[in-house]
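Down below is the structure, laid out as structure tokens.
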Amino acid sequence: MSYKCLICGKNIEPFMSFGQMPFANGFLTPEEFKNEYFFGLEVASCSVCRMFQLIEQPAPEKMFHGDYAFFSSTSNRMAVHFKEFAENIKKNKLKNKDPFVVEIGCNDGIMLEHFAKDRIRHLGIEPSLNVAKVANEKGCRTISKFFNEELAEEIVKEHGQADAFLGANVMCHIANLNSVIAGIKKLLKPEGVVVFEEPYLLDVIEKTSYDQIYDEHVFLFSLGSIKYAFGQYDLELIDIEPQKTHGGSMRYVIAHKGSHSISDKVLRQLKKEEQSGLNKDETYLKFKKNCEISRRDLINLLQKLKKEKKRVVGYAATSKSTTILNYCRITKDLIEFISDTTPIKQGKYSPGMHIPVKPYAEFKAKYPDYAFLFAWNHAEEIMEKEKAYRDSGGQWILHVPKVQVI
Ligand code: SAH
Ligand code: TMP
Ligand code: ZN
């Protein structure tokens, strides 16, 4: 069977399979176990445009709907991060009078609220109705639709073109990215800018953070692949800003070709990507090996702790944890339960491996010997909050950059 690259259309071959996977955010009840949806999680790096992508992509409507389990505002640190993101845009990118800002994947309004409160003209595009509702209640004007070229044309008709087109952790979720980019081309004012940030492929490769790979992450971007994808539509990468969020992200600034000067940072980082081997197949084969080593070490550690009769629980039922648990086939005989602060995940079971998800209070009530930090990207925030767990002798299990107990 041959597959086509979602960006350039050339033939691609998977270099790695993670096996059958459920939806990363598909937390479920026992009644739902028998109808649980699985798909083959396989990844490829296109040898022409170098876009890192999933071979099979579940339908967007199956992932983003009125019961979407991820609410952006559950992390206080991310709330601060997005306030700063918004302030940066307001200060540096909205020079015109009465500017218009569009954000796709605005979720519960975590970033858009900072434009709404200053009465800046804005529009949020958020297909998951439950989180879009929260954004609207906060005063963010949000429509519950999937952004694509057709919707971009409708927005231009109704509101005119945008000064800034924003996104965070959303562009990599959209399989028909070419349609999104074609839409951006039409929606963006001649002097407008596109600013979005997404998990960065080079961080994933360097840290073996394979848990960034799941159904919703159709792509993992690099400067090289972004440059190619937007270049197809005469849009140009003009600046970048590496971010610590989500275990290593990259913020990309894009504009109509020739409208802005290009920062030296772009050229320097492109060079770094080349030196790191992002354009070579062997880099991905090495990544595959590293994933297998990580899986072996993790299973060995959990089995050893089980033999020693230690209590191990998971901390935070993240989307990323679904890849780890299913790839390593970790069931509740190795991890008793996963504690999470999101009400709609509590009382349900983890996708695929069916480990119970319990309220945070249960973690607090009886500290385990070991807590597997699935939300390792929020480590700083969580370690600070959980000093008492540490003081009581509790230890953390981390799997990035390598499997370890700290
Ligand atoms: N920006 C937020 C939310 C990221 S989760 C943050 O960084 O925390 C990704 C969001 O993108 C989900 O809320 C999902 O519903 C939304 N989404 C998925 N496909 C989309 C599309 N085609 N257009 C707009 N939003 C989309
Ligand atoms: P994310 O890694 O995709 O941002 O998901 C974060 C998940 O972790 C979400 O379900 C909430 C949960 N969480 C906790 O349970 N406790 C915490 O302190 C934090 C920061 C997150
Ligand atoms: Zn390609």
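The values are calculated or read from the model by the stated rules, or taken from the named source; none is laboratory data. All figures in this text were calculated on a predicted structure; none of them were measured in a lab. Using ideal geometry, Cβ is built from the backbone for each residue, glycine included, and neighbour counts are taken over all protein chains shown. Remember, those area values only see protein heavy atoms, side chains included, never the ligands or the DNA or RNA. Shrake-Rupley method; radii C 1.70, N 1.55, O 1.52, S 1.80 Å.
In whole Å, largest first, what are the principal axis extents of the Cα atoms in segment 1-51?
Result, largest extent first: 45, 18, 14 Å.
Give the residue list of trypsin sites (Lys or Arg not before Pro) in segment 33-115 that are DSSP loop and have at most 11 other beta-carbon atoms within 10 angstrom.
Of the trypsin sites (Lys or Arg not before Pro), the ones in loops of segment 33-115 whose Cβ has at most 11 other Cβ atoms within 10 Å are 95, 97.
Ratio of alpha-carbon Rg to the 2.2 N^0.38 Å globular estimate for segment 189-264, to two decimals, please.
Dividing the Cα Rg of segment 189-264 by 2.2 N^0.38 Å gives 1.16.
Take the Cα pairs of segment 253-406, get the Kirkwood Rh, then feed it into Stokes-Einstein at 4 °C and 1.567 mPa s and tell me D in µm²/s.
Estimated diffusion coefficient is 73 µm²/s.
Could you tell me which of rounded, prolate or oblate describes segment 318-404, using a ≥ b ≥ c as the square roots of the eigenvalues of the alpha-carbon gyration tensor, with rounded for a/c under 1.5 and, failing that, prolate when a/b is larger than b/c and oblate otherwise?
oblate
Contour minus end-to-end for residue 92 and residue 158, with contour as 0.36 nm per residue of separation and end-to-end as the Cα-Cα distance? Walk me through the intermediate numbers first.
Working: separation 66, 0.36 × 66 = 23.76 nm, distance 2.58 nm.
Using 0.36 nm per residue and subtracting the Cα-Cα distance, I get 21.2 nm.
Report the far tail of the P(r) of segment 26-70, meaning the percent of Cα-Cα pairs longer than 16 Å.
Roughly 58 percent, rounded to a whole number.
What trypsin sites (Lys or Arg not before Pro) does segment 287-382 have in DSSP loop regions with at most 12 other beta carbons within 10 Å?
Within segment 287-382, the qualifying trypsin sites (Lys or Arg not before Pro) (loop, at most 12 other Cβ atoms within 10 Å) are 309, 329, 366.
Tell me which lysines have Cα within less than 19 Å of residue 117's Cα, excluding those fewer than 8 residues away on the same chain?
83, 90, 91, 93, 95, 97, 133, 138
Keeping all protein chains in place, calculate the accessible area per residue for the chain (probe 1.4 angstrom), answer in Å².
43 Å²
If only Cα atoms are counted, what is the Rg of segment 187-323, and what is its Dmax, in Å?
When restricted to the Cα atoms of segment 187-323, Rg and Dmax are 18.8, 64 Å.
Hey, what's the Kirkwood Rh for the chain if you take every pair of different alpha carbons, in angstrom?
22.0 Å
Over the chain, with a Gaussian network built from C-alpha contacts below 10 Å, which listed residue (305, 223, 334) shows the highest mean-square fluctuation?
The residue with the greatest mean-square fluctuation here is 305.
So for segment 259-305, taking the charge dipole from beta-carbon charges (+1 Lys/Arg, -1 Asp/Glu), which of 301, 276, 261 sits furthest toward the positive end?
301
Taking the alpha-carbon set of segment 93-139, what are its Rg and Dmax in Å?
10.6, 33
Counting Lys and Arg as +1 and Asp and Glu as -1, each charge on the Cβ, what is the dipole of segment 151-209 about the Cα centre in debye, to the nearest 20?
On the way: 5 positive and 9 negative charges, 34 e Å.
Dipole of segment 151-209, to the nearest 20 debye: 160 debye.
Note the direction-averaged projected area, equal to a quarter of the hull surface, for the Cα convex hull of segment 1-110, in nm².
Taking a quarter of the hull surface, the average projection is 11.0 nm².
Could you tell me whether segment 58-97 comes out rounded, prolate or oblate from its Cα gyration tensor? Rule is a ≥ b ≥ c as square roots of the eigenvalues, rounded for a/c under 1.5, then prolate if a/b exceeds b/c, otherwise oblate.
oblate
Calculate, for residue 383 and residue 293, the FRET efficiency according to 1/(1 + (r/R0)^6) with r their C-beta to C-beta distance and R0 25 Å; round to the nearest 0.05.
The computed FRET efficiency comes out at 0.45.
Taking every alpha carbon pair in segment 282-346, what does the distance histogram look like in 5 angstrom bins from 0, in percent?
Per 5 Å bin, starting at 0, the Cα pair percentages come out as 4, 15, 22, 22, 17, 10, 7, 3, 0.
Taking only Cα atoms and a 10 Å spring cutoff, compute GNM fluctuations for the chain and point out the largest among 253, 156, 204.
156
Which whole-number percent is the relative contact order of segment 105-178 (Cα, under 8 Å, 6+ apart)?
On the way: 85 pairs, mean separation 22.0, N = 74.
Relative CO of segment 105-178 lands at 30 percent.
To the nearest 0.05, how large is the calculated FRET efficiency for residue 309 and residue 365 if R₀ is 22 Å and r is the Cβ-Cβ distance?
0.65
I need the Debye-formula profile for segment 133-208: one equal scatterer per C-alpha, no solvent, reported as log10 I(q)/I(0) at q = 0.23, 0.25 1/Å, two decimals.
-1.17, -1.27
Can you work out the FRET efficiency for the pair residue 191 and residue 145, with r the C-beta to C-beta distance and R0 = 30 Å, to the nearest 0.05?
Once rounded, the FRET efficiency stands at 0.70.
Mean separation of Cα pairs under 8 Å and 6+ residues apart, divided by the residue count of segment 302-381: what relative contact order is that in percent?
Result for segment 302-381 is 37 percent.
What are the ³J(HN,Hα) couplings of segment 276-290, residue after residue, when phi is run through the Karplus curve with 6.51, -1.76, 1.60 and θ = phi - 60°? Round to Hz, x for glycine and proline.
My calculation for segment 276-290 gives 7, x, 5, 9, 10, 4, 4, 4, 6, 5, 5, 4, 4, 4, 4 Hz in order.
Tell me the Kirkwood radius of segment 114-243: reciprocal of the mean inverse pair distance over distinct alpha-carbon atoms, in Å.
Radius from the Kirkwood sum: 15.9 Å.
Quick one: Karplus J couplings for segment 187-193, per residue in order, coefficients 6.51, -1.76, 1.60, θ = phi - 60°, nearest Hz, x for Gly and Pro?
My calculation for segment 187-193 gives 7, 7, 4, x, 9, x, 10 Hz in order.
Along its three principal axes, how long is segment 196-237 when you only count alpha carbons? Whole Å, largest extent first please.
On the principal axes, segment 196-237 reaches 33, 21, 15 Å in Cα extent.
What relative contact order, as a whole-number percentage, does segment 7-160 give when Cα pairs under 8 Å and 6 or more residues apart are counted?
Computed over segment 7-160, the figure is 17 percent.
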